[in-house]
1. Could you give me the ³J(HN,Hα) list for region 183-198, computed from phi with Karplus coefficients 6.51, -1.76, 1.60 and θ = phi - 60°, whole Hz, x at Gly and Pro?
2. Any idea what the relative contact order of the chain is, in percent, if you count C-alpha pairs under 8 Å spaced at least 6 apart?
3. For residue 40, what residues show an amide H to amide H distance below 5 Å, using hydrogens built from the backbone and excluding near sequence neighbours?
4. Please list, in order along region 54-61, the HN-Hα scalar couplings obtained from phi with the Karplus expression 6.51 cos²θ - 1.76 cosθ + 1.60 (θ = phi - 60°), rounded to whole Hz, x for Gly and Pro.
5. Before anything else, pin down the relative contact order of region 23-82: Cα pairs under 8 Å, at least 6 apart, normalised by residue count, whole percent.
6. Just tell me which lysines come within less than 22 Å, Cα to Cα, of residue 418; anything on the same chain fewer than 8 places away is out.
7. Once the chain is represented by equal point scatterers at the alpha-carbon sites, with solvent omitted, what log10 I(q)/I(0) does the Debye formula produce at q = 0.10 Å⁻¹?
8. About the Cα centre of region 4-214, how large is the charge dipole given +1 on each Lys and Arg Cβ and -1 on each Asp and Glu Cβ? Please answer in debye to the nearest 20.
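Just so it is clear, none of the values below were taken in a lab; they were calculated from the coordinates. Source: prediction; values computed, not measured. All Cβ positions, glycine included, derive from the backbone under ideal geometry; neighbour counts span all protein chains shown.
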Amino acid sequence: MMRALDLAEAVESGDLSPAGIVELVAEAIAAQAVDIRAFTHLDLDSARLRAARMKPEGGLFGLPVGLKDIIDTASMPTEYGSPIYHRHRPKADAPVAVMVEDAGGILLGKTVTTEFAFLNPPVTLNPHDVARTPGGSSSGSAAGVAAGLMPLALGTQTGGSVIRPASFCGVAAIKPSYRLLPMTGVKPFAPLLDTLGVFGARVVDIAFGLAAISGRDLRVDGQDFGTPTFGVTRLAFAGAAEPEAEAALEAAIRAIEAAGGKVVEIDLPPVFAEAQLAHRIINNYEGALSLAWEHRHCRDRLSPILLAMLDEGHAIPVADYDAARSKANRARKTMRDVFAPIDALLTYSAPGMAPSTETTGDPRFNKLVTLLGLPAVNVPFYRSGEGNMPVGVQVVGRFGDDHRTLAAAAFVEAAVAKAS
């Protein structure tokens, strides 16, 4: 994989140029033994032209960045994973795309998304095993970074669309606090849930990328944040995890304790089980509103799985939606007490390793975190015995405390590396 921070430091020191990094990307894409179909649109010519003109002085130092294809770009098609928007060309870039370029990044191309960022399986393949899903809906972003085709990529999460594919593909990723990055110009699904996130090889890489794009002090490289206390929760109300996910969590716990960190078991009160159920109501109700035009005028061009969800969403009474929002608000307030004795929560990133390409996997261990708007990081480190497939663990922090969450995730990453 391409390590974003290492590449940026090489540019800063003069050992590499942005043009040289674009050529590394081009070579990696051309050298694929199997095309994993990470991109729906790739613009190497424009990337080369921008790189040749750049004088990198900070920020992303000319690193190429992939954008999930629900993020509007005026210079490239934005098709939202749907034939309805074939060759659609927005009039303007989404603010986050502008932020990437203002931070010294190069827009490399659009990465494959599932249909309107829902659950219909995409064409993208998992680079570790092409018979398995890369996850969704940020399929191309996760798989492309895992395959070493780009150092950084943007995705979005409404249920588990950043953390789950990161776990399945064995890369680091952060779903930041709700609205840390602007969602304007990103095709909405459920506005109370939709959140932009960043993929990279390691925790230090996603921290570096998010810091540069957002303009916030979020880097964790070369810093000592002390020894964190982790609260372990298995989110029992979300269902049982598979043996591979449990093995990854147990290995992380052992590594944290061996590194001097403290781990305590956390029992979440019933309000969180209610909030977990509220996610579906909010997701489907808002999804039906966001895609009302497509549902009304283009039903025959929607997948059966999306069409069924939209039909269900339109049937939800507004009173049920308002009640679900109230449950979410109660859970957000209660979560403050949960974090009082700990620095971060530690739990599963996904139910297990990546399943077959017939599905994008189950987001049940991500829904609550997304609903509450909390920052969450996938730490990639564990490989299952079956096919050596990756399985990550999820580090979750207080709302707005993304820096501490990244630091806690970096501690886990360093601890498991030392233990291995």
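1. 9, 4, x, 10, 3, x, 10, 10, x, 6, 10, 3, 9, 6, x, 10
2. Working: 1009 pairs, mean separation 77.4, N = 420.
Relative contact order, the chain: 18 percent.
3. 110, 111, 112
4. Each residue's phi maps through the Karplus curve to give 7, 10, x, 10, x, x, 8, 6 Hz.
5. Numbers: 20 pairs, mean separation 15.6, N = 60.
Over region 23-82, the number comes to 26 percent.
6. Correct list for residue 418: 262.
7. Debye intensities relative to I(0), on a log10 scale: -0.61.
8. Details: 16 positive and 20 negative charges, 118 e Å.
That gives region 4-214 a dipole magnitude of about 560 debye.
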